[in-house]
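*Asks:* Handing you this structure, nothing more for now.
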Amino acid sequence: MSDQIRQSLSHLMDNEADELELRRVLKACDEQDELADCWHRYHLMRSVMHKELEQPELFDLSDRITEAIDNEPAPGIDRIPDEGNILPVSRWKQAGSWLGKGAIAASVAAAVVVLMPGNETSPSVIAEQVISPQVLQQTLPVRGLQQSPIGIQRVSAGGSDSNYILADNQKLKQEELIRGYLMQHSEYVAANGSHGMMPMARVAGYQAAGDAH
Amino acid sequence: MCRSFTLGLLLLAMFISVPGRAAVTADQWLVRFSEAMHSYHYNGVLVYSREGQLDTVELSHDVNEMGEQSRLSYLDGLPREFLQHGDQIVHKISGETVASDRIHGRNPVGRFSGGLEQVKKYYQLQLKGQGRVVGRPAVIVEITPRDNQRLGYRLWLDKESALLLKSVTLDPLSRELETFQFTSFNFVRRDTPLKKEHQQQAPADGASLPWLPEGFDVYLVKDSVPVSENHLANMFGLSDGVSTFSVFIEPLRNDSLKEGVHQYGATVVVVRMVTRNNTARVVTVVGEIPLHTARKVAAAF
């Protein structure tokens with residue numbers, strides 16, 4: 001992926017691309033899966049920035065990417081023989097090599113940390129997770145942006161459970177409230193509508209939806 | 001030629017020989033349908049599907065001197081039951097009564113009977129051929145809205161009894177939103193059909209909402225309807241003779257529904273907060289109407 005096309009993609013994301021750049025990116029996307037993936041990830045990052053983290057797609061996506069990375073060929077550089085002997089400094093140094101190329105990847109990880117309100121896990125723990133030896137082993141081959149999803153996955157899997165529960169509770173509460181209105185309405189329809197008691201079957205659906213949670 | 005003429009005569013003779021039961025137009029079928037509800041015991045297993053979700057209920061219905069008796073029990077999930085005795089409706093979970101309510105605003109217009117002219121003002125009635133449901137021959141009647149302010153229905157009526165075997169709710173673009181269908185069905189004709197309730201309930205006096213789609217009238221005004229354990233709302237029930245929706249109005253509270261739009265099959269829910277003279281109220285529109293119509297009803301407050 002050339003820097004030029006990357007630049008165009010970046011313009012496109014910022015709504016600053018001209019017609020020519022748009023065409024170039026679309027054409028390149030057709031030819032290079034890597035670019036399409038990259039575009040996808042930019043959107044993911046934007047979602048993170050805009051606090052759209054609660055979308056379950058994120059989990060699906062990260063799972064898929066993890067799987068893809070697991071299936072990747074072994075890293076091109078030497079494996080770290082003894083993880084315990086590696087000093088944190090050297091981890092950062094090594095991490096820096098991909099951070100340098102993939103500054104956006106780092107910013108995503110940072111954004112996740114920053115944007116996670118009420119996060120129980122302290123940022124230092126997350127940072128440690130991001131640069132943990134295991135991750136480094138997988139990410140060191142340095143393919144720039146490709147590593148970013150790991151950062152996201154680590155962070156979101158590590159610290160956001162409480163947020164999800166909170167969001168779920170609110171959703172559950174809303175749905176339970178709505179059911180009250182649906183029930184009253186269905187009784188009215190059963191008594192006054194053209195379908196006799198049939199519409200009460202709808203209530204079964206509302207309740208099944210509630211039970212499923 | 002001669003043969004088909006004889007056949008035609010034979011068919012004609014058949015129609016003439018069973019006058020009360022012959023129905024040839026969609027209107028007649030609907031009249032038969034609304035009468036059938038008062039002339040038959042029926043029971044069966046009813047399947048309800050929407051958006052890939054499927055639920056099964058057992059439904060039995062009878063009309064006697066006490067009024068209508070219905071029982072609807074859910075065959076999936078928690079054993080819940082709805083019992084309707086006359087104008088009383090009872091909700092049971094696992095055999096225990098959790099709610100009991102008196103039905104208000106009974107509206108025979110909503111059952112087509114007598115109100116066919118009103119219905120035809122807003123819907124087109126058409127016969128759409130024949131079909132087969134639960135192993136029984138059926139005629140298909142389509143109720144198509146004349147504007148985009150209401151939903152349409154496709155009904156499969158049992159040829160013999162004119163009872164409703166299957167119903168599909170359609171949006172203004174004729175897309176299927178939900179389906180009710182019997183998968184087993186039995187009926188017994190009552191020996192002495194009960195007299196139809198002919199008294200038509202007039203639209204509620206004085207009650208009005210800021211905006212209503214044409215043809216819809218307020219048939220029910222009910223104060224302090226429990227919508228949850230600790231929420232009460234004033235309820236308005238509206239009908240155009242076929243479609244129905246409800247409007248709930250209550251003071252805004254911390255735990256009120258949030259503003260927004262929800263859709264469950266054919267049913268839409270629009271929640272809107274309205275502030276006027278320093279008091280905030282929550283308006284909730286619930287019903288089987290198009291989303292844009294529900295939005296407009298809510299937005300008019």
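*Asks:* Grab the other residues whose beta carbon is less than 12 angstrom from that of residue B:120, score K and R as +1, D and E as -1, and report the net. It would help to have the intermediate numbers written out before the result.
*Replies:* Details: positive: B:121, B:146; negative: B:27, B:117, B:240.
Net local charge, residue B:120 excluded: -1.
*Asks:* Within 10 Å of each Cβ of A:169-181, how many other protein chain Cβ atoms are there on average?
*Replies:* Details: counts 0, 1, 0, 0, 4, 6, 2, 2, 9, 11, 3, 10, 17.
If you average over the peptide's residues, the count of other-chain Cβ atoms is 5.
*Asks:* Right, here's the next one. In the structure shown, do any of A:171/B:222; B:92/B:159; B:128/B:222; A:173/B:222; A:171/B:296; A:173/B:120 have a Cα-Cα gap over 32 Å, and if so which?
*Replies:* Where the Cα-Cα span goes over 32 Å, the pairs concerned are B:92/B:159; B:128/B:222; A:173/B:120.
*Asks:* Hey, another quick one. Points 7 angstrom from Cα along the Cβ direction at residue B:258 and residue B:276: gap in nanometres?
*Replies:* 2.7 nm
*Asks:* Would you kindly find the accessible area of residue B:29, with a 1.4 Å probe and non-protein molecules such as ligands, DNA and RNA excluded, rounding to the nearest 10 Å²?
*Replies:* Accessible area of residue B:29: about 20 Å².
*Asks:* About its Cα centre, what dipole magnitude does region B:21-189 give when the only charges are +1 on Lys and Arg Cβ and -1 on Asp and Glu Cβ, stated in debye to the nearest 20?
*Replies:* Working: 21 positive and 21 negative charges, 114 e Å.
Rounded to the nearest 20 debye, it is 540 debye.
*Asks:* Over all residues in B:282-289, what is the mean tally of Cβ atoms on other chains that come within 10 Å of each residue's Cβ?
*Replies:* Working: counts 0, 0, 6, 2, 9, 6, 7, 0.
Partner-chain Cβ atoms within 10 Å, mean over residues of B:282-289: 4.
*Asks:* Still on this structure, I have one more. Using a 7 Å offset from the Cα along the Cα-to-Cβ direction at both residue A:20 and residue B:64, what is the distance between the two label points in nm, to one decimal?
*Replies:* Spacing of the two 7 Å Cα→Cβ label points: 8.7 nm.
*Asks:* Rank these by accessible area, largest first, 1.4 Å probe: B:255, A:18.
*Replies:* Working: B:255 55, A:18 85 Å².
I get A:18, B:255, largest accessible area first.
*Asks:* Further question on the same structure: Using a 1.4 Å probe, how large is the accessible area of residue B:75, given in Å² and rounded to the nearest 10?
*Replies:* Here the accessible area works out near 90 Å².
*Asks:* Which value, in Å² and to the nearest 10, is the accessible area of residue B:49 when all protein chains are kept and the probe is 1.4 Å?
*Replies:* 40 Å²
*Asks:* Of B:25, B:48, B:97, which is farthest along the charge dipole of region B:25-146 in the positive direction, counting Lys and Arg as +1 and Asp and Glu as -1 at C-beta?
*Replies:* Going by the Cα projections, it comes out as B:25.
*Asks:* Projecting each Cα onto the charge dipole of region B:217-299 (Lys/Arg +1, Asp/Glu -1 at the beta carbon, about the Cα centre), which of B:298, B:236, B:266 comes out farthest on the positive side?
*Replies:* Checking the options against the dipole of region B:217-299, the answer is B:298.
The values are calculated or read from the model by the stated rules, or taken from the named source; none is laboratory data. Just so it is clear, the model here is predicted, and its values are computed rather than measured. Note that each Cβ is placed from the backbone with ideal geometry, even for glycine, and that neighbours are counted across all protein chains shown. Heads up: the accessible areas ignore ligands, DNA and RNA and are worked out on the full protein's heavy atoms, side chains in. Shrake-Rupley method; radii C 1.70, N 1.55, O 1.52, S 1.80 Å.
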